[in-house]
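Below: one structure, written as C-alpha cells.
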C-alpha cells in the first residue's frame with residue numbers, strides 16, 4: 001500500500017477508531033470521516049452529514065458501531081441538543097437522523113460532559 005496522504009490541514013482525530021463494514025473509521029479535525037478498507041488496503045475520505053458539519057465548533061461528535069452500521073452522536077452544547085445519525089448505506093455514504101433530544105438542563109456556562117456509553121437493542125439507543 002502507498003503512503004496515506006490527507007488533504008492540506010486535515011488530520012485524524014485522536015479518538016478511538018471504529019470498525020464497521022470491513023473498514024476502520026476515524027473522525028478528522030475538518031469534520032470528515034477517514035475510512036481504511038482493511039481487505040483492499042485502500043482509503044477514502046467522506047463528509048459528515050451537513051447539519052453535523054455546519055455551525056459552531058462546540059459540537060462533540062463521536063463514531064460508534066451498532067448492529068454492523070456506523071452511527072454517530074452529535075452533542076451541541078451551545079444549542080443544548082443531541083442527535084444520533086446512522087449511515088444507512090455505507091457504499092453511497094447516506095446518513096439518516098434517528099433521534100433528537102433537546103436537553104433543557106444544560107448550563108451554558110458549565111455544560112456537562114456527557115456522551116453515550118453504548119447503544120442497546122431498542123432500535124435507537
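If I stretch the segment between residue 91 and residue 21 completely, what's the gain in nm (0.36 nm per residue apart, minus their alpha carbon distance), one decimal? Before the final figure, lay out each step's value.
Values: separation 70, 0.36 × 70 = 25.20 nm, distance 0.97 nm.
This chain segment gains 24.2 nm when fully extended.
Compare the peptides 65-73, 40-48 by average per-residue count of other Cβ atoms within 10 angstrom and give them in order, highest first.
On the way: 65-73: 17.2, 40-48: 13.3.
Result, highest mean first: 65-73, 40-48.
Each value in this text was obtained by applying a stated rule to the coordinates, not by laboratory testing. Just so it is clear, the structure is predicted and the values come from calculations on it, not from any experiment. Methodologically, a virtual Cβ is constructed for each residue, glycine included, from the backbone with ideal geometry; neighbour enumeration extends over all protein chains shown.
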